[in-house]
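K.L.:
One structure, pasted below without further comment.
The values are calculated or read from the model by the stated rules, or taken from the named source; none is laboratory data. No experiment lies behind these values; they were computed from the predicted model shown. Reconstructed Cβ throughout: ideal geometry from the backbone, glycine too, with neighbour counts over all protein chains shown. Each accessible area value is taken on the protein alone, full model and side chains, heavy atoms only, with ligands, DNA and RNA left out. Shrake-Rupley method; radii C 1.70, N 1.55, O 1.52, S 1.80 Å.
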Amino acid sequence: MVFAHGFGCDQTLWRFVAPAFEGDYRVVTFDYIGAGASDRSAYNPERYASLNGYADDILEICRALELSNVIVVAHSVSASIAILAANKSPETFSDLVLLTPSPRYLDDLPEYRGGFSAADIDGLLQMMDVNAVGWAAFLAPIVMGNPDRPELSSDLEATFCSIDPVMARQFADVTFHADNRADLARVTTPSLIVQCSHDAVAPLEVGAYVHDQMADSRLKMIDAIGHCPHVSHPAETIALMADYLGERKRERVADLV
Amino acid sequence: MLDLIPAGIVLLSEDMRIISANPAMVALTGRTPAELIGQPVDVFLAAPSRILFQTHVYPTLRASGRVDEMFLHLAGGPDGAVPVLLNALRDDSGPDVLYHVVVVRFQARSRWETDLLNATKALERERAASQQLADQLATRHDQETLDRSYRDAFIGVLSHELRTPITTIYGMSHLLEQRHTAMAPEVVSQHLADIVDEADRLHRLTEDLLIVTLVEGRRLEIGREPIQIARLIERSVNSERNRVVDHKFTINMPAQLPLVTGEDLYVEQVLRNYLNNAAKYSPAGSEIHLRAESQEGGVEVRVVDSGAGLGDQQPEQLFELLYRSPNVVRQTSGAGIGLFVCRELISAMGGRVWAASRPEGGAEFGFWLPELVE
């Protein structure tokens, strides 16, 4: 079971949920480039200019650890990343567990309501700049007087988790300008979609849209405010995942019989 | 006391709903207390701040127990979005988890900070642009230094090439003037033949130099007149036979060749350069073949020798003007402008040139000129 964190934090956020599955599964958590303890020297702006670069990272992790029948548990934008990975290499995955997914955050009216306008997304990027993330990125080299040694700026880094400001900025840009709607219908891997009842980032109709577009998918709802059910409602999240995985196991046994 | 403090103070339940808010907080949101209580706190944030709150602030608050100095925008107070700084603390000491939040208006400073940040970004863009300009200038300077050194080498080689025939002509003519009466007639003839040879060499070199000058000044213009190329081939080979006695020249072409377009003078100059080159780079006594045939809507002419071939040299490079190509400066003797002149003349007449080593040994230099279209 591979846990893929979303935009904004790192793998430590899985600590409320992942341990519950350690008895039955080999649990793998990781940090995307720029987050947590990832090796920042591996950063390459071209590779991460689209979500595909991140999807390749998931596939490389599966290959490096020789994982098969992978259940990928993906939060937020990672759901889109996991879908891209599953479409690239369907044989690697047995199930997708998608927490608060959204294939596109921007509205594309009238047929699609992602929840945000282009101005909102520009505002978010600017908000990141004005918060410590941006200050660190723009001022650290000046304060340190040495733009050639970006590692010096790590002391000034953001207050959230341990996100590299420059990489986080690009991740935000790529995430909120992505449009992965067309990728949903191509998914053949069975999947569970978990939706929060009051999620400002991935609204209800987006969850319904994802469920509608993905052939072998089940949609479950948690009565929760927010975008991070694995953080705010870990017990409910674990229960929904366990139910789904139990159902899938029974189906496989029934198929065999 | 909380009612008087000039900062918004909010108490949130575990699921981020507002339990209580002091008057300063109510004023910041521009709502009534009744509109605040019981609502999820992110409802009162502007949309971009709502995303940041849900993706960064809440997870950090839940995982590390606090966030400090978060910059956010409250949604629609009486004056539109209100920039605020927010500190929050998770409190799990009681029976229920609570979040204590303090919010301070950050209007003026945020404006300065935004200005400062934008100025910093603009500065960074300018710095990058200056750097790019500096890189471009450095590249151009390097290129010019290189060009100058090739040009110097070119002038050096050229001076040598001009001086050699002039020295011979000068020396021989002086000698003849002073002592021809005392010389055996066959010695006089030999000296006169040498003078004619060198004068011929000088003449060709200056003809080539004239073309280089025209090309460099972008003034090379050639008329499109009908040319009987077979006649030119015969004339050039005959003239070369008389000049170069230690090689055997043969011609192989059909009785009828189509008319091509260009100017006689220049086609002859190309033929002369090709034949002269072939003689220069193949052993004495060997054969030089000239073949012409109708090909692809034009006439193809090939001069084939039995010399050493092209070796490691790139065919295209052979047609470069000497000072532009450092390898050629080192490898080739001679002024190194003959093939360049051929290429420029032929291409000005709408044709193309090529060179190749032949599998059976020796080199082939060729050109193709388009047929005259009536």
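K.L.:
Can you grab the distance from the C-alpha centre of region B:78-146 to the C-alpha centre of region A:30-50, Å, no decimals?
P.N.:
Value for the Cα centre distance between the two parts: 21 Å.
K.L.:
Determine the relative contact order of chain B: mean sequence separation of Cα pairs under 8 Å and six or more apart, normalised by residue count, in whole percent. Present the calculation step by step, with values, prior to reporting the outcome.
P.N.:
Values: 552 pairs, mean separation 42.3, N = 374.
Normalised by residue count, the contact order of chain B is 11 percent.
K.L.:
In terms of the Cα gyration tensor, with a ≥ b ≥ c the square roots of its eigenvalues, is the protein assembly as shown rounded because a/c is under 1.5, prolate because a/b exceeds b/c, or oblate?
P.N.:
Working: a/c = 3.99, a/b = 2.68, b/c = 1.49.
Verdict is prolate for the protein assembly as shown.
K.L.:
With a 1.4 Å probe, what is the total accessible area buried between chains A and B, in Å² rounded to the nearest 100? Don't skip to the answer; put the middle values down first.
P.N.:
Values: alone 12170 and 21430 Å², together 30620 Å².
By this definition, chains A and B bury close to 3000 Å².
K.L.:
Identify which of A:P165, A:P101, A:P19 has the largest mean-square fluctuation in a Gaussian network model of chain A, with springs joining Cα atoms closer than 10 Å.
P.N.:
A:P19
K.L.:
How charged is the neighbourhood of A:V201? Take every other residue with its Cβ under 15 Å from the Cβ of A:V201, and add Lys/Arg as +1 and Asp/Glu as -1.
P.N.:
-2
K.L.:
Helix-only estimate, please: 222 nm mean residue ellipticity of chain A, summing -39500 (n - 2.57) across DSSP H runs of length 4 or more and dividing by its residues, to the nearest 500.
P.N.:
Working: 9 runs with 106 residues, N = 257.
Value at 222 nm, helices only: -12500 deg cm²/dmol.
K.L.:
Run the accessible area of region A:174-257 with a 1.4 Å probe and give the carbon-and-sulfur part as a rounded percent.
P.N.:
On the way: 2060 of 3780 Å².
For region A:174-257, the apolar C and S fraction of the accessible surface comes to 55 percent.
K.L.:
As a test of the formula, what do you get for chain B when each DSSP H run with n ≥ 4 contributes -39,500 (n - 2.57) and the sum is divided by the residue count, at 222 nm and rounded to the nearest 500 deg cm²/dmol? Intermediate results must be reported in sequence, preceding the final value.
P.N.:
Numbers: 11 runs with 182 residues, N = 374.
When only DSSP H runs of four or more count, the value is -16000 deg cm²/dmol.
K.L.:
Here's another thing I want to ask about it. Taking only Cα atoms, what is the 0 to 90° angle, nearest 10, from helix B:338-348's long axis to the longest principal axis of chain B?
P.N.:
Once rounded, one gets 70 degrees.
K.L.:
Ignoring solvent entirely, what values of log10 I(q)/I(0) come out of the Debye formula for region A:1-137 at 0.11, 0.19 Å⁻¹ when each Cα is a single scatterer?
P.N.:
-0.46, -1.22
K.L.:
Hey, another quick one. Using only the Cα atoms of region B:138-241, build the gyration tensor, take square roots of its eigenvalues as a ≥ b ≥ c, and label the shape rounded, prolate or oblate: rounded if a/c is under 1.5, else prolate if a/b is larger than b/c, else oblate.
P.N.:
Working: a/c = 3.78, a/b = 1.42, b/c = 2.66.
Oblate, because a/c is 1.5 or more while a/b does not exceed b/c.
K.L.:
Another question, then. Tilt of helix A:51-64 relative to the longest C-alpha principal axis of chain A, in degrees (0 to 90, nearest 10)?
P.N.:
That helix lies at roughly 60 degrees to the long axis.
K.L.:
What number results when the radius of gyration of region A:1-47, computed over Cα atoms, is divided by 2.2 N^0.38 Å?
P.N.:
For region A:1-47, the normalised Cα radius of gyration is 1.30.
K.L.:
Related question: Can you give me the % of accessible surface on chain B that is carbon or sulfur? Probe 1.4 Å, all protein chains present, nothing else counted.
P.N.:
Numbers: 10760 of 19940 Å².
Carbon and sulfur atoms account for 54 percent of the accessible area of chain B.
K.L.:
Something else: What distance in nm lies between label points placed 7 Å from Cα along the C-beta direction at B:I166 and A:V253?
P.N.:
Distance between label points: 10.5 nm.
K.L.:
Starting from the Cα of B:D68, step 7 Å along the direction of its Cβ; do the same at B:W112; then give the gap between the two resulting points in nm.
P.N.:
Simple spin-label model gives 2.1 nm for this pair.
K.L.:
Okay, next question. Inside 10 Å of the C-beta atoms of A:192-198, what's the mean count of C-beta atoms belonging to other chains? Display every interim value, and only then the final one.
P.N.:
Working: counts 0, 0, 0, 0, 1, 0, 6.
Per-residue shielding by partner chains comes out at 1.
K.L.:
Residue separation times 0.36 nm, minus the C-alpha to C-alpha distance between B:S347 and B:D15: what's the value? Kindly include the intermediate steps, with their values, before the conclusion.
P.N.:
Details: separation 332, 0.36 × 332 = 119.52 nm, distance 8.00 nm.
Gain on extension, B:S347 to B:D15, equals 111.5 nm.
K.L.:
Nearest 5 percent is fine: what portion of the DSSP beta bridges confined to the protein assembly as shown is antiparallel? Could the numbers behind the result be given before it?
P.N.:
Working: 52 of 81 bridges.
In the protein assembly as shown, approximately 65 percent of DSSP beta bridges are antiparallel ones.
K.L.:
Follow-up question, since we're still on this one. Determine the distance separating the Cα centre of region A:63-88 from the Cα centre of region B:1-62; give it in Å without decimals.
P.N.:
36 Å
K.L.:
I've got another one for you. Using a 10 angstrom cutoff on alpha carbons, build the Gaussian network for chain B and name the most mobile of B:T213, B:T120, B:T32.
P.N.:
Residue with maximal mean-square fluctuation among B:T213, B:T120, B:T32: B:T32.
K.L.:
Rounded to the nearest 0.05, what FRET efficiency do B:Q39 and A:R15 give with R0 = 41 Å and r taken as the Cβ-Cβ distance? Could you check? Walk me through the intermediate numbers first.
P.N.:
Numbers: r = 29 Å, r/R0 = 0.72.
After rounding, the FRET efficiency stands at 0.90.
K.L.:
Using Cα atoms only, what is the angle between the long axis of helix B:229-243 and the major principal axis of chain B, expressed in degrees (0 to 90) to the nearest 10?
P.N.:
Value to nearest ten degrees: 60.
K.L.:
Report, as an integer, the average count of C-beta atoms from other chains found within 10 Å of each Cβ along A:118-129.
P.N.:
Taking all residues of A:118-129 together, the mean is 5.
K.L.:
May I have the convex hull volume per residue, in Å³, for the Cα set of region B:220-374? Write down the numbers at each step before the final one.
P.N.:
Values: hull volume 17.1 nm³, N = 155.
So the per-residue hull volume is 111 Å³.
K.L.:
Give the shape of region B:35-122 as rounded, prolate or oblate, defined through the alpha-carbon gyration tensor: a ≥ b ≥ c are the square roots of its eigenvalues, a/c under 1.5 means rounded, and otherwise the shape is prolate if a/b is larger than b/c and oblate if not.
P.N.:
Details: a/c = 2.28, a/b = 1.60, b/c = 1.42.
Because a/c hits 1.5 or more and a/b exceeds b/c, region B:35-122 counts as prolate.
K.L.:
Please list, or write none, the lysines whose alpha carbon is within less than 23 Å of the alpha carbon of B:K280, excluding same-chain residues fewer than 8 places away.
P.N.:
B:K248
K.L.:
Okay, moving on. What's the average, rounded to a whole number, of partner chain beta-carbon atoms within 10 Å of each residue's beta-carbon in A:225-236? If you can, show how the numbers build up before the last one.
P.N.:
Numbers: counts 11, 10, 8, 6, 0, 1, 6, 6, 2, 1, 0, 0.
If you average over the peptide's residues, the count of other-chain Cβ atoms is 4.
K.L.:
At a Förster distance of 30 Å, what's the computed FRET efficiency of B:E124 paired with A:R40, Cβ-Cβ distance as r, to 0.05?
P.N.:
Values: r = 20 Å, r/R0 = 0.67.
So the FRET efficiency works out to roughly 0.90.
K.L.:
Also: Taking a probe of 1.4 angstrom, what is the accessible area of B:L61 in Å², to the nearest 10?
P.N.:
Accessible area of B:L61: about 0 Å².
K.L.:
Which whole-Hz ³J(HN,Hα) couplings does region B:256-269 yield from phi under the Karplus relation 6.51 cos²θ - 1.76 cosθ + 1.60, θ = phi - 60°, glycine and proline marked x?
P.N.:
Karplus-based 3J(HN,Hα) across region B:256-269 equals 10, 10, x, 5, 10, 10, x, 10, 3, 3, 6, 5, 4, 4 Hz.
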